[in-house]
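Working notes, beginning with the structure itself.
The values are calculated or read from the model by the stated rules, or taken from the named source; none is laboratory data. On a predicted model such as this, the values are computed, not experimentally measured, just so you know. Reconstructed Cβ throughout: ideal geometry from the backbone, glycine too, with neighbour counts over all protein chains shown. When the accessible area is computed, the model is the full protein with side chains, heavy atoms only, and any ligands, DNA or RNA have been set aside. Shrake-Rupley method; radii C 1.70, N 1.55, O 1.52, S 1.80 Å.
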Amino acid sequence: MYDWANSAYITTAVGLLPIYFASTIIGDNGTVIFGKTYRADTLWGFAVGLAGAFSFVCAPVLGAIADFSSTKKRFLTAFGYTGALFCILLYFTRTGDVFKTLLFFLISQVGFVNGNVFYDAFLPHVASDEKMDDVSGKGYAYGYVGGGLQFAIALLLVSLHDKFGLSKEHAARIGIASAGLWWALFTIYCMRFLHEPHANEALPEKYRRRPRWLAFLSLGVERTWHTAKRAMQFRHLILFLLAYMTYNEGIQTVINMATIYGSNELHLPASALMFTLLIIQFVAIFGSIGFSKIADRLGTRRAIIFGLLIWSGVVVYAYFINSTKEFFALGMIVGLTLGGTQALSRSYYGSMIPEDSSAEFFGFYTVFSKFSAIWGPWAFAAITYFSHSARTAIVSLITFFIVGLILLVCVDETKARAARTLAAF
């Protein structure tokens, strides 16, 4: 149900909000910052990367604190509601409010990303190894349904704004804010029924004389360093994280830059872009469940590899498209592959980590995930800026998928899962 709640935000953040930012906040001529003119897609890429950089620094330490103090649920609640609040505040952004829009988006994005650290960390607590692929896939499926329903409401509002007595700009602002409201309201339901196992450890004596916040921060840093040293002993877990970091670089960039690519580079109408994203949400429901079935037959790693081959074809096809129909076809393929590769990556990692340190290890998962979310969008922004074309930027993403696939082939999940039972781990 938390997937159901926060997917409304991410659907809007990669769909309606970038279009609104490009067409209304900045416009076709770009904006001047320190004497240089920047395109909307360039600024958006840098903002997405900056949010990833913040999570890259904070996630593992916060995860270590949450595992020790049994506060995964508290952190999830805090980040979830902070992200939802600033998504709602985007309602107050108007033409020319470039800094305000990017700031509110940045905080909301950080809330979304860091909230998912603690959300993902509950996976080993609610599913056995045998059920992780299924449960993770269902989580993504629920997210696509919830996000799709909210996005459909926002799309209807924007498309029929005249009938509601609203300007198109005002309808877009309401649609964006409603995603934050949806996120907040359904998080209440999720938090009502989610229970967290209690930690059995006491705060070490050396930290007890410090203020509580400083004691937990120091403990978090120490445990993060300790976990990093332990994790480095296990080759296949680290190898998977490197593979995931690489291919997720491409996935996250495609997700975050898709609509602004369609708007700025392909000059497609906003209605066509939003309708394509709506279709992606519902196609992805079947994709996330379908890939879990493929994993049952072929194995999780082979199913992910199959998905990466499709992603490679996606970015090559994206380079050549020009029309709305081609963008729509591309969206259908992305929808079938998106949920599957993400859900299986999450469950594959979850099956290889110790349950009693799940938030800590998912903090590292987020580190690798968000490290990839930094360089992909920044690379896209830089290539677009220097080449004056996003087509070159989009096709260059195939490098991430191919290298990630090669690294993934080298992972032996049997050895990785056996390693977590060792006392040293």
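Criterion applied to 80, 96 was being more than 24 Å from residue 191 (Cα to Cα) and either of a type in the set (Gly, Ala, Ser) or open to solvent by less than 10 Å² (accessible area, probe 1.4 Å) (or both), and the one residue passing it is 96. Residue 350 passes every criterion in (1) within 21 Å of residue 142 (Cβ to Cβ); (2) at pLDDT 85 or above; (3) small (Gly, Ala, Ser) apart from (2).
When segment 392-424 is filtered for residues that are crowded, with 16+ Cβ neighbours inside 10 Å, part of a loop (DSSP other than H, G, I, E, B) and at pLDDT below 70, only 420 remains. Only a single item in (1) part of a helix (DSSP H, G or I); (2) without any contact (Cβ under 8 Å) to a residue 60 or more places away in the chain; (3) out of contact with any Ser or Thr (no Cβ under 8 Å at 6 or more places or on another chain) is not met by residue 267, and it is number (1). Residue 231 passes every criterion in (1) at pLDDT 85 or above; (2) under 19 Å from residue 412 (Cβ atoms); (3) open to solvent by less than 20 Å² (accessible area, probe 1.4 Å) apart from (1). Here are some residues: 75, 104, 118. Which one is without any contact (Cβ under 8 Å) to a residue 40 or more places away in the chain, of a type in the set (Phe, Trp, Tyr) and in a helix (DSSP H, G or I)? Only one candidate qualifies: 104. Comparison of 266, 241, 344, 309 shows that the only residue that is at pLDDT 80 or above and surrounded by fewer than 21 Cβ atoms within 10 Å (Cβ to Cβ) is 309.
Does segment 121-140 contain at least one residue that is in contact (Cβ under 8 Å) with a residue 60 or more places away in the chain, more than 27 Å from residue 278 (Cβ to Cβ) and open to solvent by 30 Å² or more (accessible area, probe 1.4 Å)? So far as segment 121-140 goes, yes, one or more of its residues are in contact (Cβ under 8 Å) with a residue 60 or more places away in the chain, more than 27 Å from residue 278 (Cβ to Cβ) and open to solvent by 30 Å² or more (accessible area, probe 1.4 Å).
Listed by first and then second residue, the pairs linking a residue in segment 173-193 that is within 16 Å of residue 111 (Cβ to Cβ) to a residue that is basic (Lys, Arg) and modelled with pLDDT under 90, with Cβ atoms under 8 Å apart and 6 or more places separating them unless they lie on different chains, are 191/73.
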